[in-house]
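The values are calculated or read from the model by the stated rules, or taken from the named source; none is laboratory data. In this text, all values refer to a predicted model and were calculated from it rather than measured experimentally. Here the Cβ positions follow ideal geometry from the backbone for every residue, glycine too, while neighbour counts run over all protein chains shown. Heavy atoms of the whole protein, side chains included, go into the accessibility calculation; ligands, DNA and RNA do not. Shrake-Rupley method; radii C 1.70, N 1.55, O 1.52, S 1.80 Å.
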Amino acid sequence: MSRDSFHESVNHYFNRAASFSTLDEGLIDQVRFCNSAYRMRFPVKRDDGTITVIEAYRAEHSHHRLPTKGGIRFSPDVTMDETIALAALMTYKCAVVGVPFGGAKGGVRIDSNTISDGFRERVTRRYTAELIRKNFIGPDIDVPAPDYGTGEREMGWIADTYKNLKLNSGDAYACVTGKPLAMHGIPGRKQATGLGVFYGIRSCMEIAEDMQALGLTTGIAGKRVIVQGLGNVGYHAAFFMQRDGGAIITGIAEREGGIFNPNGLDVDEVFKFRNANKSILGFPGAESIANGQELLERECDILIPSALENQITADNAPRIKAKIVAEAANGPVDFEGEAILHQRGILMIPDLFLNAGGVTVSYFEWLKNRAGVSFDRMISRHEELVKRELVTAMEEMTGVKLSEEASRRLIHGPSEEELVIAALEQSMMRAYANIHRAWKERNLPDLRTAAFLLALERVAESYKHHGIFP
Ligand code: NAD
């Protein structure tokens, strides 16, 4: 299965949802197609002084809301086509959770696992300069974030490069989210995607009727879970499923293989073990499995693919034994695999909803940066202002007006992190309720079609109001 088939899957899911809409075809096309994409090649010095040419991309899928928003992926396999598909997914994701941004995505063809820190920094800074040259980055234009192979450190370099090349920009730090706290990041962003995955699964598993249909009791507690990928998303999803949900993490798969223990694995201990040994294989008390893919096919209640796309295809879908596949990664189930899982009665919680926690908290970080309040000394004086902004944003996103007392307690009481997490929780719960309602009330085939259809209708509505389609 080629990686470009990921784009095919996104198109397939979109077209299926569009078949349930009564919107004008032209308007549907505008929501479907990518508005602009930039392919670049630039030279970077290797550590030995020789020069290599790097290929990279940025795609802005939809400008119905600005800025556009989406992560940057470092992977030797990333392609322009994959970047465009991921950008499209970002548009739909933002619409599903009510984040007022268009979708975008970036890709850089380097192997995050083998490069030195110095090379990584030179590539990141040069990539940022290229984006600035073509007007593909800026607080009002396009705002990157972390994705596969990137994290806080790269976001910090991007912010620093932007700030130093755009000397007169007052809110330069709002050009990127997922930054370290010391560079005007926001507490809670690092764990946001994985925590959102936990809230999403929890919302799904609270509905008794749906769980009965799967032969499950409600709630996460005691459920057996297998996770693929112990990176930012996978680690945090597994951690919160275990710590806050009471799930039993029976299997963890990584690139080097997988480990399995029917009595449960301590996620934090596995994480520490992998950092120390550069592999999860050999984790004490667990069975080590050389081929991590095999782990996806083991008996469990919930399978959480959190690494890459196209992990469940027509090849392995007939052997998946999980009752719920919770798509923490983007596009882990391709459309052929999806049809088989669907037919076998396996419930899929779709990526465009489930991993939207990251962009939700990125939105809060962007708002905070736009408010012009730095994270160091100024924060105490302006704390109230910032929290007020966050409360307003929460109210706008959720449509729920807080009582005066609750709003006062939030503004003066909880920490910024508590605020962020409360808003994230509410946003995920509300989004799930909307998708679920659409699925049932509109008689749609599944949650994914419901999520895509809601996204399509919301983006289309926004284009109408912008007067593009009078
Ligand atoms: P990451 O780089 O932090 O982690 C990815 C992990 O997957 C790494 O530990 C890597 O070793 C592992 N991996 C790679 N190939 C594997 C394989 N074949 N089997 C098992 N493990 C493998 O990336 P991330 O940020 O956690 O992103 C993971 C997925 O989540 C991607 O699809 C990404 O697009 C999506 N996502 C990320 C965010 C975010 O905020 N970081 C938000 C939304 C969606």
Exercise for the section: State yes or no: is Asn113 part of a helix (DSSP H, G or I) and open to solvent by 30 Å² or more (accessible area, probe 1.4 Å)? Expected result: no
Handout entry: All positions within the range 396-442 that are touching a residue at least 24 places away in the same chain (Cβ under 8 Å), part of a loop (DSSP other than H, G, I, E, B) and hydrophobic (A, V, I, L, M, F, W, C)
Key = Val400
Exercise for the section: Would you point out the residue of the range 351-373, among those that are open to solvent by less than 10 Å² (accessible area, probe 1.4 Å) and of a type in the set (D, E, K, R), that is farthest from Gly70 (Cα to Cα)? Expected result: Lys368
Completion exercise
Scanning the range 275-313 residue by residue, those assigned to a loop (DSSP other than H, G, I, E, B) and touching a residue at least 40 places away in the same chain (Cβ under 8 Å) turn out to be Ile280, Arg298, Glu299, Cys300, Asp301, Ser306, Ala307, Leu308, Glu309, Asn310, Gln311, Thr313
Practice task
Please enumerate the residues belonging to the range 138-157 that are within 19 Å of the chain's Cα centre (by Cα) and not in a helix (DSSP H, G or I).
Solution key: Asp142, Val143, Pro144, Ala145, Pro146, Asp147, Tyr148, Gly149, Thr150, Gly151
Fill in the blank from the handout: Of the residues in the range 321-339, those that are within 15 Å of Gly234 (Cβ to Cβ), within 13 Å of the ligand (Cβ to nearest atom) and in contact with a strand residue (DSSP E or B) (Cβ under 7 Å, 6 or more places away or on another chain) come to Ala326, Glu327, Ala328, Ala329, Pro332
Handout entry: Gly118 being open to solvent by 10 Å² or more (accessible area, probe 1.4 Å), at positive phi and more than 16 Å from the ligand (Cβ to nearest atom)
Key = no
Exercise for the section: Look at Ala307 and say whether it is within 20 Å of Ile84 (Cβ to Cβ), within 16 Å of the ligand (Cβ to nearest atom) and assigned by TED's automatic domain parsing to the domain that holds Glu206. Expected result: no
Problem - Subset of the range 100-109 (residues that are surrounded by fewer than 24 Cβ atoms within 10 Å (Cβ to Cβ) and under 27 Å from Leu230 (Cα atoms)) - result: Arg109
Exercise for the section: Quickly run through the range 231-256 and pick out the residues that are open to solvent by 10 Å² or more (accessible area, probe 1.4 Å), within 9 Å of the ligand (Cβ to nearest atom) and of a type outside the set (S, T, N, Q). Expected result: Gly231, Val233, Tyr235, His236, Glu254, Arg255, Glu256
Handout entry: Pairs, first in contact (Cβ under 8 Å) with a residue 40 or more places away in the chain in the range 250-262, second among the charged types (D, E, K, R) and part of a loop (DSSP other than H, G, I, E, B), C-beta under 6 Å, six or more apart
Key = Gly251/Arg298
Completion exercise
The one condition Ile259 fails out of (1) over 22 Å from the mean Cα position of the chain (by Cα); (2) over 23 Å from Cys204 (Cβ atoms); (3) open to solvent by 20 Å² or more (accessible area, probe 1.4 Å) is (3)
Handout entry: The one condition in (1) more than 24 Å from Thr449 (Cβ to Cβ); (2) open to solvent by less than 10 Å² (accessible area, probe 1.4 Å) that Thr50 fails to fulfil
Key = (2)
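Every residue, every condition in (1) surrounded by 24 or more Cβ atoms within 10 Å (Cβ to Cβ); (2) in contact with an Asp or Glu (Cβ under 8 Å, 6 or more places away or on another chain), yes or no:
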{"position": "Lys190", "(1), (2)": "no, yes"}
{"position": "Val197", "(1), (2)": "yes, no"}
{"position": "Ser203", "(1), (2)": "no, no"}
{"position": "Asp210", "(1), (2)": "no, no"}
{"position": "Gly222", "(1), (2)": "no, no"}
{"position": "Val227", "(1), (2)": "yes, no"}
Problem - Selection from the range 137-157 of residues that are open to solvent by less than 10 Å² (accessible area, probe 1.4 Å), touching a residue at least 60 places away in the same chain (Cβ under 8 Å) and within 16 Å of the ligand (Cβ to nearest atom) - result: Val143, Pro144, Ala145, Glu154
Handout entry: Lone qualifier among Gly215, Gly170 - being away from the ligand (no atom under 16 Å from the Cβ), open to solvent by 10 Å² or more (accessible area, probe 1.4 Å) and within 30 Å of Arg344 (Cβ to Cβ)
Key = Gly215
Practice task
For the range 175-214, name all the residues that are touching a residue at least 60 places away in the same chain (Cβ under 8 Å) and out of contact with any helix residue (DSSP H, G or I) (no Cβ under 9 Å at 6 or more places or on another chain).
Solution key: Ala213, Leu214
Completion exercise
Filtering the range 121-136 down to residues that are touching a strand residue (DSSP E or B) at 6+ places or on another chain (Cβ under 7 Å) and either closer than 21 Å to Leu86 by Cβ or surrounded by fewer than 17 Cβ atoms within 10 Å (Cβ to Cβ) (or both) yields Val123, Tyr127, Glu130, Leu131, Lys134, Phe136
Handout entry: Single match in Ala317, Ala238, Ala286, Ala290 (criterion: within 22 Å of Asn355 (Cβ to Cβ) and touching a strand residue (DSSP E or B) at 6+ places or on another chain (Cβ under 6 Å))
Key = Ala238
Practice task
Considering every residue within the range 346-353, establish whether at least one is over 15 Å from Leu447 (Cα atoms), more than 12 Å from the ligand (Cβ to nearest atom) and touching a residue at least 24 places away in the same chain (Cβ under 8 Å).
Solution key: no
